[in-house]
Amino acid sequence: MFKNFWYAVEFIDDVVAGKPKKVKLLGQQLVLYRKTSDNSIVCLSDLCVHRGAALSGGEIKDDCIVCPYHGWEYEPDGAVRKIPAHPERGIPRKARVDSYPVQEKYGFVWVFMGDIPESERPPIPDWSAIDDTETYRAVRGEFLWKSNYERILENGVDVAHTPFVHGGVFGNREKPEVPDLKIEESPWHCKVSVELNPPRSKGMWGLINPNKQDLKNRPPVPVSTTWYLPNMIQLEVGTPMGAMKIFDVNIPIDEETTLVKFVALRTFFKGKWADRDALRRVFKVLREDQVIVDAVRPELLPFDLSSELHVKSDYNAVLYRRRRQELIDAGWSVEGNTIVGEGPARVEARVIPSPTRKEVPELASAWNFKEVRSKELLGKQTEREERGDLPRTDSMPEKTREEEVPA
Ligand code: FES
Ligand SMILES: [Fe+2]
């Protein structure tokens, strides 16, 4: 799991004025609430610095959130403004919690979990199609998944599994070949495009699908899958009826639990009457994936590239694993447990650092909770490459193709 990214944590409409909302992300509890003055959203660490109560159980007063335990009042920047038991005394410097930057965009609330300056933050992808309500009809939903978000991410962008796992929906088992992928990539994303062979259309899709010929002669369907670091997926399918786009965020609640939130757009059947069918199709695909991904072992994505075999159609997954290693090397990984200790003696709370920790050096000694540790599982990738444990970065995918495709 990684800090220093924007994470979509909730749908905008689900954060309502006057009601604090608890969310969990990267093993850490957070509280979202809307300010009374301008309705903008605040995100604080949900851990009162006094006795560890959850602020999310408290009330909103002006632009502040009031801890339900002893009534300390927290400003949007995380500083305590009032300690009701001792109104006449000053507020200690350490009476503050981390406050994280928030944006409301494309129907989601995005929280920046990290401490790097604004100019260095990875971008939120351009998902403006979600705002284009003229062109698209949208449905949205969520799916709680007891699996690791990176396994889910790799599954979501994997084109070779569709004929086998989703044979009835958008893959054709009789034609499982994956032609050459068209690849577009940047440091933060990888999009692969390919033409796949569709299965027979079912349900109401079958009624209007103009291509009713036998499966062999039906034109292929353009499909693209994109991952965006650290946990986002975009799927685009050019069905004969029109375009379908799914935007999904795989929220790492912790290492083993993922909350998938998605918006699915379509340019056909744009009436409300077809929403249920559209949702049913997304959930069917998610459940088909769930059966496979829940049984994958090891449960977490291996850190060593050579622990699993990669073939040409795994290009985007291999690139993801390389980028992830670079993020680990950059110190952006965070350990899963933020309430830590030996065995059941969990006596210490740690948090993901917010930007103020670096921006205001005078506050350096004012942070009561220490920062979560980064995962130091592996040495630098370059050292490992030099030892010969890893194929070199510039040798993909050709080298993989020659050396690792099973005979
Ligand atoms: S625990 Fe929050 S005010 Fe005491
Ligand atoms: Fe799938």
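Read the figures in this text as sums done on the coordinates, not as results from a lab. All figures in this text were calculated on a predicted structure; none of them were measured in a lab. For neighbour counting, all protein chains shown are included, and Cβ atoms are generated from backbone atoms with ideal geometry for every residue, glycine included.
Listing for the model above:
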item	result
Amide hydrogen neighbours beyond the local backbone of Ile65, cut-off 5 Å, H modeled	Tyr74
For Leu47, distant residues with modelled amide H under 5 Å away	Leu55
Per-residue HN-Hα couplings for the stretch 134-139 [Karplus 6.51, -1.76, 1.60; θ = phi - 60°; Hz; x = Gly/Pro]	5, 7, 10, 9, 10, 10
The stretch 5-120 - Rg and Dmax from Cα coordinates, angstrom	13.9, 45
Amide H contacts under 5 Å for Leu196, placed H, 5+ residues apart	Val221, Val223
Under the span-like rule (Cα at least 20 Å along the axis, Kyte-Doolittle mean at least -0.5), DSSP H helices of the chain	275-294
Footprinting exposure proxy for Ser99, Ser374, Ser306 (fewest neighbouring C-beta atoms within 10 Å first)	Ser306, Ser374, Ser99
Neighbour-count order for Phe247, Phe2, Phe268, fewest beta carbons within 10 angstrom listed first	Phe268, Phe2, Phe247
Net charge contributed by nearby residues that have their C-beta within less than 15 Å of Ser193 (K/R +1, D/E -1)	-2
Entries in Lys22/Lys245; Lys105/Lys272; Lys22/Lys312 that, when Cα-Cα distance is taken, lie over 31 Å	Lys22/Lys312
Under the Karplus curve 6.51 cos²θ - 1.76 cosθ + 1.60, θ = phi - 60°, whole-Hz ³J(HN,Hα) for the stretch 60-67, x wherever Gly or Pro sits	8, 9, 6, 9, 9, 10, 9, 5
Spacing of the two label points (7 Å from each Cα toward its C-beta) at Glu184 and Phe164, in nm	2.9 nm
Neighbour net charge for Val31 - beta-carbon separation under 10 angstrom, K R +1, D E -1	+1
Neighbour-limited loop hits for GluC sites (Glu not before Pro), the stretch 110-180 (at most 15 other Cβ within 10 Å; DSSP other than H, G, I, E, B)	Glu134, Glu174, Glu177
Sorted by Cβ neighbour density within 10 Å, fewest at the top, the residues His161, His70, His86, His310	His86, His70, His161, His310
Expected-Rg normalisation [2.2 N^0.38 Å, Cα atoms] applied to the chain	1.09
Helix-only mean residue ellipticity at 222 nm for the chain, each DSSP H run of n ≥ 4 adding -39500 (n - 2.57), per residue, nearest 500	-5000 deg cm²/dmol
Neighbour-limited loop hits for GluC sites (Glu not before Pro), the stretch 1-107 (at most 12 other Cβ within 10 Å; DSSP other than H, G, I, E, B)	Glu88
